[in-house]
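**Q** One structure, as C-alpha cells, below. Some questions next.
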Amino acid sequence: MTVGLPGAVSFPLADWVLDHADAPHNLAISGMKDSLRTLSRALETVKPPDVEALKAGLARLHGVRPERVFLTHGATEANALVLLYLARTARTGNARPRLFTPVPEYPPIRDAAVEVGFRTSSRAEKADASALSSPRNPLGTRVPIDEIRAQTERRRPVLVDQTFREFSGDPAVTRAGLSNLWLTGSFTKVYGADDLRVGYGIAPADRVEPFARLHGLLLDRLPPASVSGALAILAHRSEILGEARGILRANARYLRRHVEGVADLVSPVWFDRGGGGWNGDRLARRMLKSGVLVCPGSYFGDASGLRLTLTRRSFPDDLDAYLRLRPDH
C-alpha cells in the first residue's frame with residue numbers, strides 16, 4: 001500500500017478518506033452523512049431508548065426473530081465480532097481456518113479476518129467460511145442470491161455485509177431462508193447517521209446462544225441516545241430512504257450520461273478502471289493535488305482502478321472535475 005497515513009494500522013482506507021475530507025471535490029465519502037435533510041427532521045422526534053423495540057424493528061425488516069439481532073456500534077464492529085466467532089468455531093485441527101473474500105472487496109472484511117485468526121483463500125470451495133458485501137463495495141452492484149446460496153450450500157458459514165442494501169429495494173438475504181448465513185448492517189450509509197454509531201449483526205437461528213455469550217462479553221451496550229436516534233430513523237424510514245435513493249438515482253443518471261459502460265448501480269459507489277492499465281495509487285495522488293478526492297483501488301485489492309462515490313448533492317460538479325483529470329476521458 002503506497003497511499004494513506006504513514007504508520008496507520010487501524011483502517012487505512014478510512015484514514016485516506018477522513019484525512020483529506022476538505023478536498024474541494026470529495027468523491028470518497030460512501031455514506032449520506034450531511035446529504036439528507038430528512039434525517040435531521042427525524043432526529044427531532046424523541047423516542048424512548050428501548051433496546052428491545054429497536055431489535056424488533058430490525059427483525060421485522062429482515063424477516064427474522066428479534067433474538068437473532070445483535071446490536072453493535074457499527075457494521076465494521078459487527079463484521080469483526082462475527083469473524084472472530086467464525087474463526088474460533090471453525091474445525092480445522094491445528095491449522096488456521098481459511099476465509100474466502102472476492103476481489104475487489106471492502107478492506108476491513110479481509111483485514112479483520114486475518115487479525116482474528118483466518119488465512120485468506122482465493123477459492124470459495126477451499127475455504128472454511130466466506131465473507132463479502134452485497135451490494136458490493138467498491139463495485140456498487142448486487143451479488144445474485146444464487147451465488148450466495150451456492151456458498152451456503154457448502155455447509156460453511158457465509159457473512160454478508162448488507163450495509164448498502166437499502167439504497168435498493170432488494171430484500172435482505174435473511175429472507176431467502178438460507179442456512180449458515182450471517183448478515184451485518186449499519187445506520188451510517190443510507191441513513192447518514194454516522195454520529196449515532198449504530199450497527200447490527202444477525203446470527204443464524206442455531207447460533208444465537210453461543211454468539212450471544214461472545215457478544216455480551218466483548219461489546220458494550222449502545223448509549224441510550226443512539227438507541228433513541230435509531231428508533232426515530234426507523235419511524236421515518238420511508239422519507240429518509242426516498243431522499244437517499246433519489247440522490248443516488250440522479251447522480252447515477254448523470255454518471256451514465258458522461259461515462260460509457262457504467263453498470264446498473266444499486267449503491268452509491270462505482271469502481272472506475274478506465275481503459276485498463278492504470279496505476280490507481282499514483283492517479284489518486286495526482287488528482288488530490290488538483291482538489292479531487294477518490295479512493296485508490298489498491299485498498300480493495302485491485303490497484304488498477306479508483307472508487308468514486310455518488311452520495312453528495314455536489315456530485316455533478318465533482319464528477320466534472322474528476323473527468324477533466326481522468327486519463328481516458
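**Q** Got a number for residues in the range 284-299 being open to solvent by less than 10 Å² (accessible area, probe 1.4 Å) and among the basic types (Lys, Arg)?
**A** Of the residues in the range 284-299, 0 are open to solvent by less than 10 Å² (accessible area, probe 1.4 Å) and among the basic types (Lys, Arg).
**Q** Then there's this: Could you give every pair whose Cβ atoms fall below 9 Å, whose first residue belongs to the range 98-110 and is farther than 19 Å from Pro12 by Cβ, and whose second residue is assigned to a helix (DSSP H, G or I) and open to solvent by less than 20 Å² (accessible area, probe 1.4 Å), counting only separations of at least 6 or pairs across chains?
**A** These pairs meet every condition: Leu99/Leu83; Leu99/Leu86; Leu99/Ala87; Leu99/Ile109; Leu99/Ala113; Phe100/Ala124; Phe100/Gln151; Pro102/Ala124.
**Q** Sticking with this one: For the range 175-186, does any single residue satisfy the condition of being of a type in the set (S, T, N, Q), more than 22 Å from Pro102 (Cβ to Cβ) and either at pLDDT 95 or above or open to solvent by 70 Å² or more (accessible area, probe 1.4 Å) (or both)?
**A** The answer is no; no qualifying residue exists.
**Q** Next up: Assess whether Asp206 counts as being closer than 30 Å to Asp128 by Cβ, of a type in the set (Asp, Glu) and either in contact with a Pro (Cβ under 7 Å, 6 or more places away or on another chain) or part of a helix (DSSP H, G or I) (or both).
**A** Considered against the rule, which asks whether it is closer than 30 Å to Asp128 by Cβ, of a type in the set (Asp, Glu) and either in contact with a Pro (Cβ under 7 Å, 6 or more places away or on another chain) or part of a helix (DSSP H, G or I) (or both), Asp206 comes out as yes.
**Q** Which members of the range 103-132 meet the condition of being closer than 17 Å to Leu183 by Cβ and at pLDDT below 95?
**A** Across the range 103-132, the qualifying residue is only Pro108.
**Q** Here are some conditions: (1) part of a helix (DSSP H, G or I); (2) of a type outside the set (D, E, K, R); (3) in contact with a Ser or Thr (Cβ under 7 Å, 6 or more places away or on another chain). Leu84 meets all but one. Which one does it not meet?
**A** Condition not satisfied by Leu84: (3).
**Q** Still on this structure, please answer the following. Could you tell me whether Ile233 is open to solvent by 10 Å² or more (accessible area, probe 1.4 Å), in contact (Cβ under 8 Å) with a residue 24 or more places away in the chain, under 19 Å from the mean Cα position of the chain (by Cα) and under 24 Å from Thr45 (Cβ atoms)?
**A** So Ile233 does not fit the description; no.
**Q** Output yes when any residue across the range 191-200 is assigned to a loop (DSSP other than H, G, I, E, B) and surrounded by fewer than 21 Cβ atoms within 10 Å (Cβ to Cβ), and no when none is.
**A** Yes, that holds for at least one residue.
**Q** Does Arg253 count as in contact with a Gly (Cβ under 8 Å, 6 or more places away or on another chain), free of Cβ contacts under 8 Å to residues at least 40 places away in the same chain and either more than 30 Å from Thr89 (Cβ to Cβ) or surrounded by fewer than 21 Cβ atoms within 10 Å (Cβ to Cβ) (or both)?
**A** No, not satisfied.
**Q** If we scan the range 203-224, do we find a residue that is of a type in the set (Asp, Glu) and closer than 20 Å to Ser267 by Cα?
**A** No: zero hits.
**Q** Among the numbered criteria (1) open to solvent by 70 Å² or more (accessible area, probe 1.4 Å); (2) hydroxyl-bearing (Ser, Thr, Tyr); (3) part of a loop (DSSP other than H, G, I, E, B), which one does Thr45 miss?
**A** Tallying (1) open to solvent by 70 Å² or more (accessible area, probe 1.4 Å); (2) hydroxyl-bearing (Ser, Thr, Tyr); (3) part of a loop (DSSP other than H, G, I, E, B), Thr45 fails exactly one: (1).
**Q** Could you figure out which of (1) touching a Lys or Arg at 6+ places or on another chain (Cβ under 7 Å); (2) at pLDDT 95 or above isn't true of Ala80?
**A** Checking Ala80 against (1) touching a Lys or Arg at 6+ places or on another chain (Cβ under 7 Å); (2) at pLDDT 95 or above, the one that fails is (1).
**Q** When you go through Asp318, Asp272, Asp281, Asp302 one by one, which is the residue that is open to solvent by 20 Å² or more (accessible area, probe 1.4 Å) and out of contact with any Asp or Glu (no Cβ under 6 Å at 6 or more places or on another chain)?
**A** Exactly one residue qualifies, and that residue is Asp302.
**Q** From the list Asp170, Asp206, Asp161, pick out the single residue that is open to solvent by less than 20 Å² (accessible area, probe 1.4 Å) and among the acidic types (Asp, Glu).
**A** The unique qualifying residue is Asp161.
**Q** Something else: Does at least one position in the range 300-307 carry a residue that is part of a helix (DSSP H, G or I) and within 22 Å of Gln162 (Cα to Cα)?
**A** For the range 300-307, residues part of a helix (DSSP H, G or I) and within 22 Å of Gln162 (Cα to Cα): present.
The values are calculated or read from the model by the stated rules, or taken from the named source; none is laboratory data. From a predicted model like this one, the values you see are computed outputs, not experimental measurements. Every residue, glycine among them, receives a Cβ derived from its backbone with ideal geometry; neighbour counts consider all protein chains shown. Accessible surface areas use protein heavy atoms only, side chains included; no ligands, DNA or RNA. Shrake-Rupley method; radii C 1.70, N 1.55, O 1.52, S 1.80 Å.
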